[in-house]
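Peer 1: I have a structure I would like to understand better, so I am pasting it below and will then ask my questions one at a time.
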Amino acid sequence: GVGMGMTAPVSITAFPAEDGSFQQKVKVSLRIPSQFQDSPPCPTDESIKIEERQGMTIYSTQFGGYAKEADYVSYAAKLKAALGSDAAYRKDFYLCNGYDPPMKPYGRRNEVWFVKE
């Protein structure tokens, strides 16, 4: 019953198929605002889970515009190519992050994160 407002980034965990496209399963994560961190409200929808994300080191690339799945897949492929075969990172998923509200037409920020192993 408490309104928390929208937080950024909105983070989508993508599980890539062999061709790099998203599999049907994705996980959308929203940051709980600071004032609710110590005691977050309990979700009333059982499909919503509260999860604590541990600190991580990431490899990241940034791009603008209204991001679509194809954009995230493309930038993930570019990041993979830039890292080459020497970088150790999780290959079973990556994170797609959007930082802007839908009504912001210019200067939009999106990122792809690979989590370092």
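Peer 1: With a cap of 15 neighbouring Cβ atoms within 10 Å, and only residues DSSP puts in a loop, list the trypsin sites (Lys or Arg not before Pro) found in the stretch 68-115.
Peer 2: Lys68, Arg90, Lys91
Peer 1: Would you mind estimating how fast the chain diffuses translationally, via Stokes-Einstein at 37 °C and 0.692 mPa s with the Kirkwood radius over Cα pairs, in µm²/s?
Peer 2: It diffuses with D of about 209 µm²/s by this estimate.
Peer 1: While we're on this one: Compare Ser60, Ser39, Ser29 in a GNM of the chain, Cα atoms joined below 10 Å, and give the one with the largest fluctuation.
Peer 2: With Cα springs under 10 Å in the chain, the top fluctuation among Ser60, Ser39, Ser29 is at Ser39.
Peer 1: Can you run phi through the Karplus equation (6.51, -1.76, 1.60; θ = phi - 60°) for the stretch 73-83 and list ³J(HN,Hα) in whole Hz, with x for Gly and Pro?
Peer 2: Once θ is set to phi - 60°, the couplings for the stretch 73-83 become 4, 5, 6, 5, 5, 5, 5, 4, 5, 5, 6 Hz.
Peer 1: Whenever you get a sec, compute what percent of the accessible area on the chain sits on carbon and sulfur atoms (1.4 Å probe).
Peer 2: C and S atoms contribute 53 percent here.
Peer 1: For Ser29, what residues show an amide H to amide H distance below 5 Å, using hydrogens built from the backbone and excluding near sequence neighbours?
Peer 2: The answer is Ser11, Ile12, Thr13.
Peer 1: Keeping all protein chains in place, calculate the accessible area per residue for the chain (probe 1.4 angstrom), answer in Å².
Peer 2: Per-residue value: 71 Å².
Peer 1: List the GluC sites (Glu not before Pro) in the stretch 34-96 that DSSP assigns to loop (not H, G, I, E or B) and whose Cβ has at most 14 other Cβ atoms within 10 Å. Which are they?
Peer 2: Glu46, Glu51, Glu52
The values are calculated or read from the model by the stated rules, or taken from the named source; none is laboratory data. Just so it is clear, the structure is predicted and the values come from calculations on it, not from any experiment. Heads up, the Cβs are rebuilt from the backbone with ideal geometry, glycines too, and the neighbour counts pull from every protein chain shown. Ligands, DNA and RNA are stripped out before the accessible areas are found, and what is left, the full protein with its side chains, is counted by its heavy atoms. Shrake-Rupley method; radii C 1.70, N 1.55, O 1.52, S 1.80 Å.
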